[in-house]
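Can you keep this structure in mind? I'll have questions shortly.
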Amino acid sequence: MELKNFFPEKENLALIVVDIQDNLLKAFKDEIKDKIIQKASLIIRYFKHKNYPIIVFEQYPKGIGPTNETIKEALGDSYQPIVKNCFSGVCAEGFEDKLSSVNKRDIVLIGIEAHICVLQTCYDLILKGKNVYVPADAVGSRFKVDWQFGLRAMENMSANILSTEILIFKLLEKAGTEDFKFMLPYLK
């Protein structure tokens with residue numbers, strides 16, 4: 001049995017953060033919203049710590065508002081959002097150039113909503129030959145059925161669905177390292 005591309009390769013790794021904006025999160029149940037923010041922040045902190053590329057999208061911020069403050073804090077200087085009006089981030093102005101400059105094959109995709117913008121971005125990234133990894137607990141939809149079918153659709157199109165802890169612990173590989181010690185306070 002071949003486990004092709006089940007885990008991303010560290011040297012080919014980038015993160016895309018999709019539309020984690022407060023005015024969109026208002027429609028989510030508190031426990032779902034809190035989980036997405038906590039898990040997304042955890043992943044962002046790891047990527048920042050390792051200096052992996054991070055691309056951030058905001059859906060129509062003029063009307064919807066900016067990225068959530070906790071997410072912005074985790075992003076730090078990586079908070080340079082690409083504004084989009086289309087649902088797939090791939091069609092956003094400036095994304096093609098950013099993706100080319102990043103030049104990574106394995107993309108971790110987090111954000112909202114799983115069945116709309118995350119799904120359509122995933123689809124277009126796969127069409128571009130990227131390996132996409134979606135931590136199920138770092139993406140969300142207002143309704144559970146949409147989240148479930150969004151994840152199922154992404155998996156059916158060859159995205160790898162995993163959890164935040166599966167991803168982080170695979171990237172950490174072992175305890176006792178400086179990376180592990182850095183992440184330990186955030187692993188709650």
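Just so it is clear, none of the values below were taken in a lab; they were calculated from the coordinates. Because the structure is a prediction, the values reported are computed rather than measured. Backbone-built Cβ (ideal geometry, glycine too); neighbour counts: all protein chains shown.
Could you line up Cys117, Cys122 from fewest to most neighbouring Cβ atoms inside 10 Å?
Values: Cys117 24, Cys122 31.
Starting with the residue having the fewest Cβ neighbours, the order is Cys117, Cys122.
Further, regarding this structure: Which Cys residues of the chain have no other Cys Cβ less than 4.7 Å away and so no disulfide-compatible partner by this rule?
Taking the Cβ cut-off of 4.7 Å, the unpaired cysteines of the chain are Cys117, Cys122.
Run the numbers on the chain and let me know its relative contact order in percent, using alpha-carbon pairs under 8 Å that are six or more apart. Mind dumping the intermediate values first?
Details: 314 pairs, mean separation 46.8, N = 188.
That works out to 25 percent.
Moving to a separate point now. Where both residues lie in the chain, what percent of DSSP beta bridges are antiparallel, nearest 5?
On the way: 1 of 22 bridges.
If we restrict to bridges inside the chain, about 5 percent are antiparallel.
Oh, and also: Counting pairs of alpha carbon atoms under 8 Å apart in space and at least six apart in sequence, what relative contact order in percent does segment 11-62 give?
For segment 11-62, the relative contact order is 65 percent.
At 0.890 mPa s and 25 °C, plugging the Kirkwood radius over alpha-carbon pairs of the chain into Stokes-Einstein gives what diffusion coefficient in µm²/s? If you can, show how the numbers build up before the last one.
On the way: Rh = 16.3 Å.
Reported coefficient: 150 µm²/s.
Around Pro61, under 13 Å between beta carbons, what's the net of Lys plus Arg minus Asp minus Glu among the other residues?
So the environment of Pro61 carries a net charge of 0.
Using only helices, what value at 222 nm comes out for the chain when you add -39,500 (n - 2.57) per DSSP H run of length 4 or more and divide by the total residues, to the nearest 500 deg cm²/dmol?
Computed ellipticity for the chain at 222 nm equals -12000 deg cm²/dmol.
With the Cα gyration tensor of segment 123-188 giving a ≥ b ≥ c as the square roots of its eigenvalues, does the rule (a/c under 1.5 for rounded; else a/b larger than b/c for prolate; else oblate) give rounded, prolate or oblate?
Working: a/c = 3.42, a/b = 1.72, b/c = 1.99.
Oblate, because a/c is 1.5 or more while a/b does not exceed b/c.
How about segment 59-147: which GluC sites (Glu not before Pro) there are in a DSSP loop, with at most 14 other Cβ atoms within 10 Å of their Cβ? Walk me through the numbers before you get to the answer.
Details: sites: Glu69, Glu73, Glu93, Glu96, Glu113; in loops: Glu93, Glu113.
Filter output for segment 59-147: Glu93.
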